[in-house]
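Note sheet for the following structure.
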Amino acid sequence: MTASPSPALNPVLTQVGEQMSALTGVRAIMKDIIETLRSGKGQDFINLSAGNPVILPEVETLWRDCTAELLASEDYGNVVCRYGSSQGYEPLIEAIAQDFHQRYGWEINDRNILITPGSQSLYFLAANAFGGRTEEGELKNIVLPLSPDYTGYGGISLVPEALVAYRPTIERLGNHRFKYRPDFSQVQIDQNTGMVLFSRPCNPTGNVLTDEEVTKLAELAAPHDAPVFVDSAYAPPYPGLNFTDMTPLFGENLVHCISLSKAGLPGERLGVVIGPESIIRTLEAFQTNFCIHSSRYGQAIAARAIRSGALADLAKSVIRPHYAEKFEVVEASLDEFMPDALPWYLHKGEGAIFAWLWLDELPMTDWEFYQQLKQVGVIAVPGSSFFPGLREDWPHTRQCLRISLTATATELREGMKRLAQQVEQTYAKH
């Protein structure tokens, strides 16, 4: 006997349920991109939207080799068939502590490290541990000192009003280059600050805050006992996607946050927090309630790759050059094809896997321009998704595009050619 279909279940969502079930930022745009690619009717799109890292053969081989070592080891059953510590897999924690001590002289131990299931979950834990309402009802802000920044920050807080971003200063570098810098005359870090958060190198712009800028942010936050979380998903030593010299910074209130996604393990969801013991203790307790612990399989193969030095070596010799060369293709192509008389500006390429293009005085919104680009077979991401927490109406937020460096050099060059033609036509019509 076949049961008759029951009416669709339609439970009432709580305020948190409504908030967390809504798509935000690039995730909302990706739905449109996926539908566009599916209904292309044979059209060959140059997809410059992807955030997925390129599968580089040398990197894939490293993870295959580490997996083979794990499979052959006596530790396999203990890793895969048993629960572990919420803090993380002990050999991985030990490997990270030794590596950062050797490379940078950091005096850290196992009490300074927590392994999380990806960096997005890390920032969710931090944002809701240190941002939001206190027991006394006081609002503690999550300060993003340099906007634009990672779109994912827009969905991490259960108290959305706690997220506060600040408009940067714009430094023009020659005719068609620029760089964002924190505007310390505007950034407010005070007794209402619960934590500070920024990416370095930055997704989406490729910006790298200087050592002096990071130190100043830490100094401003210190009197208020506010931790400063440095999202180092693209930083050295792994994946090492910095195209300019930079050194990871660590201090009394500086929290260094790593992701192994762009080092070839996005599917395993591995994040690492290196910070003061009190911060690690709080986040570990939160994580225990949230998900127990990260994938121990991923942690076990990462421990081998880090302990051997192979991951850091590949980051320097393979991963970084691959994306640096792609940025050079974008840069050279824009210089060749874009009209010199128009006010276009490419952000200085200092790292990450994206290029950031500013079309000043664009006579339409970034979303409308995105739709026009699709008509000529190019997909890039509208920049307005990358200003979470910015409360002022700033026209600049609707004048930018994020261009992924994950396409081939041929696709990037052709994509920039079509983009330039569309830019010229758009300005000419207005």
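The values are calculated or read from the model by the stated rules, or taken from the named source; none is laboratory data. The structure displayed is predicted, hence computed values, not measured ones. No Cβ is skipped: glycine too gets one built from the backbone with ideal geometry, and neighbour counts run over all protein chains shown.
Points worth noting:
- Considering region 212-269, the residues that are in a loop (DSSP other than H, G, I, E, B) and among the aromatic types (Phe, Trp, Tyr) include one that is nearest to Asn52 (Cα to Cα), namely Tyr234.
- A single entry from Leu390, Leu419, Leu401, Leu405 fulfils the requirement of being more than 24 Å from Tyr323 (Cβ to Cβ), surrounded by 14 or more Cβ atoms within 10 Å (Cβ to Cβ), modelled with pLDDT of 95 or more and of a type in the set (A, V, I, L, M, F, W, C): Leu390.
- Any hit, region 177-185, residues being under 30 Å from Ala341 (Cβ atoms) and touching a helix residue (DSSP H, G or I) at 6+ places or on another chain (Cβ under 8 Å): yes
- Filtered by the rule that a residue be over 17 Å from Glu392 (Cα atoms) and surrounded by fewer than 18 Cβ atoms within 10 Å (Cβ to Cβ), region 167-177 gives Glu171, Arg172, Leu173, Gly174, Asn175, Arg177.
- Selection status of Ala312, surrounded by 21 or more Cβ atoms within 10 Å (Cβ to Cβ), under 21 Å from the mean Cα position of the chain (by Cα) and in contact (Cβ under 8 Å) with a residue 24 or more places away in the chain: no
- Residues in region 107-166 that are at pLDDT 95 or above, surrounded by fewer than 23 Cβ atoms within 10 Å (Cβ to Cβ) and of a type in the set (S, T, N, Q) were compared, and the one that is nearest to Arg402 (Cα to Cα) is Asn128.
- Screening Ser294 against (1) under 22 Å from the mean Cα position of the chain (by Cα); (2) modelled with pLDDT of 95 or more leaves a single unmet condition, (2).
- For the criterion of being of a type in the set (Gly, Ala, Ser), surrounded by 15 or more Cβ atoms within 10 Å (Cβ to Cβ), touching a Lys or Arg at 6+ places or on another chain (Cβ under 9 Å) and assigned to a helix (DSSP H, G or I), Gly84 fails.
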